[in-house]
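Notes for the one structure printed next.
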Amino acid sequence: MDKIQVEKKWNQLWNEQKVYSFDEKDVDNKHYVLEMFSYPSGAKLHIGHWYNYGLTDSYARYQIMKGKNVFQPMGFDAFGLPAENYAIKTGVHPQDSTFHNIAVMEEQLKNIGAMFDWDHEIITCSPEYYRWTQWLFCELYKHGLAYRKKAPVNWCPSCNTVLANEQVIDGHCERCDSQVIKKDLTQWFFKITAYAEELLNDLDKLDWPEKTKAMQRNWIGKSVGGEIVFTLADGSESFKVFTTRADTLFGCTYVVLAPEHELVKRITTAEHLDEVNAYCDEVAKTNEIERLSTAKEKTGVFTGAYAINPINGEKVEIWIGDYVLASYGTGAVMGVPSHDERDYKFAQKHGLGIHRVIKGATPDVDDSLPFCEYGVMVNSGEFDGMTSEQGRVAVVEKLAEKGLGEIKTNYRLRDWLVSRQRYWGAPIPVIHCPYCGEVLDENLPVELPYDVEFKPDGTSPLAKHEKFIHDVTCPKCGAKATRDPDTLDTFVCSSWYFLRYPDAHNAENPWDTAWIDKMLPVDKYVGGAEHACMHLLYARFITKALRDMGYLHFDEPFKSLVHQGVILGPDGNRMSKSHGNVVSPDEYVNNYGADVFRCYLAFGFKYTEGGPWSDDGIKALNKWLDRVERFALSAYGDYPTTSDFGPAEKELNRVRHITIKAVDADYPEFSFNTAVARMMELVNAISKYDGQKVKNAQLYRETMDDLLKMLTPLAPHITEELWHQTGHTTSIVVEKFPVCDESATKASEVELLVQFNSKPKARITVDATLAPAEIQQIVLADAKVTELLNGATPKKVIVIPGRLVNIIL
RNA sequence: GCUGGUAUGGCGGAAUAGGCAGACGCAAGGGACUUAAAAUCCCUCGGUAGAAAUAUCGUAUCGGUUCGACCCCGAUUACCAGCACCA
C-alpha cells in the first residue's frame, strides 16, 4: 500500500465526516484529553511535537474505543517575545508572522492524523480570546488578588529592555550576552501567595508524577518557625527576626539585617555611617545572581548599634549583610554561629562570639562546631534538657507571653510578577487617572494597536504609541488619563485556556459555569516537565481564585498529569541549533508516512523517559506494518477454512486474548512501547500458525480484526485502509476495543521449573488446574526428581502454581 | 548543599504481587530462495569453560532479609533534572 496516499485519503474523509467530534449531549461520559498547546514558531513541527501530540492522540483514540466521549482540543499560545524580536530584526509585524505561522502549523498538525477538535480552537493573541484574559485580570483586581508595587526586575543595559526570568541565562542576556542588572520598576503582581497553603495541601489529591509534586512543594517552600522581637539597646525601636530554630536563641551572639532593611538608616552610628553607606552602595550595584551565589564569601559590616536578645537580655551587635534577603521572612536574622553553617563562617570572619547551646542527643554525635542537627538544649536557663523539637516551640511560646514572639509560617513562594514591557501580549486593562489613580478599563477588549514601531531603544512599542497611551479618559471621572503601557506575561494567557476550550465561542462570557463544571477538570493532561513550577502552578492558582469568585466549582484543573520524556539529539544532548544535532521529522514522515513515524516513536522509547534519537528501528516498524498488511489480506483472501478448533487454534486464540489483555492495560498507562511489543508477538504467533496449522478462517479473521483494532490508535490511517480492504464498511476509529476472554488465556498444561535448593534442575509439564498439594505430589513422584532426590527427604517444598516448585534439602 | 529521578547485553528497552533476568525490536553472524540484488523465510546471538549435555558468573558497588532479590532494607558511587545564602 502507498502509505502516504492512504493517509491523505483517510485524513480528508475523517475531517469531512467529523468521525470523531465530541458529543455535547453525552457529557456525563466525557473524557477531556489535553496536550499543552504550543507557541506558533516559524520553524516546522519538531520531533517533540510529534511525540507529545501523536502519542497522546493514541491515548485519546484508545479512550474512544473504550466508549469514552473524548474531548481533545488544540490551539496556540500565540503571544510572546520571539515574534516581537523577529519584528525588530526583520520588520515583519508579530500579528502577521504569528497568524502565518499558525496557518502553517495547523496544516502540519493535521498531518499527524490526530483527532483534534478544531471547532474549539483558541488562539491567545486574538481579541476574542484576550478580552477574557483581560477580564480575568479585572476580576483578580476586584478581589484584591492583583496589585501594583515597586519591584526589582531584570534589565539588559545593552538591549535597553526588561527581560523575563527565563531569558536570563546565568546572569546574562540570552540575546546579546551582556550582564543583566536589577532595576526597580512599578509592576503588577498576582497574589498567588494567598493560596500557598492550599496549593501545597491539594497536591496530595492529584494523580501527578511525584517529582512534579515534589518540585511544587519545594517551590512553595513552607517553613514553620517563630518571629522573635529584638529591641534596640537604647529601647527606642524594635524589629523582628524569623527563625526555625528558636531552640538556639541562647546562642545568638549578633543579628544581621538585610542592607535594604528600613531600620538600617536610622540606627547606624555616625562612626560607622561611611562604611555602611559604602557597603549598601556596593550591594546595590552587584547583580542578584552574584549576590545569591553560595560560593561567595559572607560579607557584612557593623552598624554600631546594639539589640537586646529577648530571652536572656544579652546585648548583641547589629550587623548588615547581603546574605540576608530583604524579601524573605522579616529581612532580619539572628546569628547563632555555634549551630548554623553560615553564621559560623560569618562570625569567624568578623570575630563575633560563639556560644554552644545544643548538645548531641546521643553521646556518639560529633560535637564539633557548628553543630547544625537537632539535639538537646544546654546553657539555656530553664530550657536546659529540652530537645530541639520541644525547644523551638517552647522558646517562642515563652516570648509570646511577653508579646515578644509568635509562631509564624513563611513561604518561599513569591507573588507572580505579570507586567511585561513588551508589545506582543495582552494589554493590561488599566487606566491611570491623575485624580482617581488606577482604574480598570472594563470596556474589553483593550485592543493592541497594529501601527507600532519596533525599535530596540528600551521603550516598549506600546509606551511610544501616543494614541494608545493618551487618547483615553478616566472611566470614573472622565478626566484625561493614560493607559498602562505594559502587557501581561504570556503565562497569564495559558493559566486559563483549558477553561475556554469547552466553550470557545461564547461571546457573552468567558464560559458557561454550569457547562465547564461538567467538562472539567481535565482528565489527562500531557506536556513537558519544564512547566512544573510555572504554568502548572499558575493554572492551579487561577482555578482556585476563580472558584472562590464563584465562576467554577472545582478545586484543581488537571486531575491526572503525564510528562512526556525528551527526545534528545543522536549525540545525547538536547536538540538545538547550536549543538547542530536537530533531527527533523519531515524526512521520515515523507518517506514512511505519519503512522510509521508515530509507531516508531511509540516503540523506540519509554514514553516518560524519552532518550537520544536513533532511526535504526524505523525501517523495522515499516516492515512490521507491511507484515500486518500481508497477513490481513491473506486472512481475508482465498483461505482454506474448516471448523476445526484443535491445539493450534487454541494456542493462537490464547495468544490473541493474552495480547488483548496486555495492550488494554498498556494504553491507559502510556506504555506504548510494550503495547507494540505485545502486538508484534501476536503477529509472530499468526505467522507461526498461518496457513499451516490453523485451518480455521473464522478464528484467523477475528484475530486479525482484533489486531487491527488494537493497532488503530497508533496507526490509524493504515488500519482504516486495511479495515476497508478486508470488507468492513464502518470506520475502525469508532470500533470498540477488543474484549479479553479470560478463559481463553489459560493454557491447559503448564511447564513448571523444579528447583533444588533454589537451583533450577528439571522441568515438568502438569495440568494447569492442579492445586499446590497435587502439584507437589506429582513432582515428588516424578522419575527425574526421585533420581535427583536420591532417597533424601525434602525439608520443605515450596509450590508456586504456574511457576515453579522449589525443593529444599 | 537540598529535593526528586535513573543505573539491566553491542544498542533501544521488557520483566503483574519477591518466583525461570534479558520479552519485543535493532545491530551482528550463519543459512534458504535468487543469475544477482532487494524483499521474504529459517537459525544463532550476556560473559567464561566445553564438541555437546552442562557447569559457573551476571541487573552500578558493598552488605543484609528470604527457600528464592533487577524488585524489599542499609550504606556507597556515577549520571540526569529542579531548587539553591529561604534563616
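The values are calculated or read from the model by the stated rules, or taken from the named source; none is laboratory data. Every value quoted in this text rests on a predicted model; they were computed, and no experiment measured them. Virtual Cβ from ideal backbone geometry, glycine too; neighbours counted across all protein chains shown. Note: areas computed on protein heavy atoms with side chains; ligands, DNA, RNA excluded. Shrake-Rupley method; radii C 1.70, N 1.55, O 1.52, S 1.80 Å.
Of the residues making up the range A:636-668, those that are closer than 17 Å to A:D705 by Cα, open to solvent by less than 40 Å² (accessible area, probe 1.4 Å) and touching a Phe, Trp or Tyr at 6+ places or on another chain (Cβ under 7 Å) are A:Y639, A:L652. Screening A:G528 with (1) more than 14 Å from the chain's Cα centre (by Cα); (2) under 22 Å from A:P82 (Cα atoms) gives one miss only, at (1).
When you go through (1) open to solvent by 70 Å² or more (accessible area, probe 1.4 Å); (2) within 14 Å of RNA strand B (Cβ to nearest atom); (3) farther than 30 Å from A:V6 by Cβ one by one for A:R630, which number turns out not to apply? Condition not satisfied by A:R630: (3). Here the condition is being in contact with a Gly (Cβ under 7 Å, 6 or more places away or on another chain) and surrounded by fewer than 18 Cβ atoms within 10 Å (Cβ to Cβ); of A:H355, A:H339, it holds for A:H355 alone. Scan the range A:705-720 and give yes if some residue there is among the acidic types (D, E) and buried (at least 23 other Cβ atoms within 10 Å of the Cβ), otherwise no. Looking through the range A:705-720, at least one residue is among the acidic types (D, E) and buried (at least 23 other Cβ atoms within 10 Å of the Cβ).
The set of residues in the range A:754-778 being crowded, with 16+ Cβ neighbours inside 10 Å, within 14 Å of RNA strand B (Cβ to nearest atom) and over 49 Å from the mean Cα position of the chain (by Cα) consists of A:F756, A:A762, A:I764, A:V766, A:I775, A:Q776. Which one of these is assigned to a helix (DSSP H, G or I), over 23 Å from the mean Cα position of the chain (by Cα), of a type in the set (A, V, I, L, M) and surrounded by 23 or more Cβ atoms within 10 Å (Cβ to Cβ): A:A83, A:A103, A:A60? None of the other options fit; the residue is A:A83.
Here the strands (runs of 3 or more DSSP E) wholly within the range A:731-809 that include at least 2 residues being within 30 Å of A:L652 (Cβ to Cβ) and touching an Asp or Glu at 6+ places or on another chain (Cβ under 9 Å) are A:749-756, A:759-767. Screening the candidates A:K476, A:K464 for the property of being farther than 17 Å from A:L444 by Cα and in contact (Cβ under 8 Å) with a residue 12 or more places away in the chain yields one hit, A:K464.
Among the conditions (1) open to solvent by 10 Å² or more (accessible area, probe 1.4 Å); (2) closer than 29 Å to A:L561 by Cα, the only one that A:R598 does not satisfy is (1). Considering (1) part of a helix (DSSP H, G or I); (2) open to solvent by 10 Å² or more (accessible area, probe 1.4 Å), the lone condition that A:T231 does not fulfil carries the number (1).
Being of a type in the set (D, E, K, R), open to solvent by 60 Å² or more (accessible area, probe 1.4 Å), free of Cβ contacts under 8 Å to residues at least 24 places away in the same chain and part of a helix (DSSP H, G or I) is a property that A:E128 lacks.
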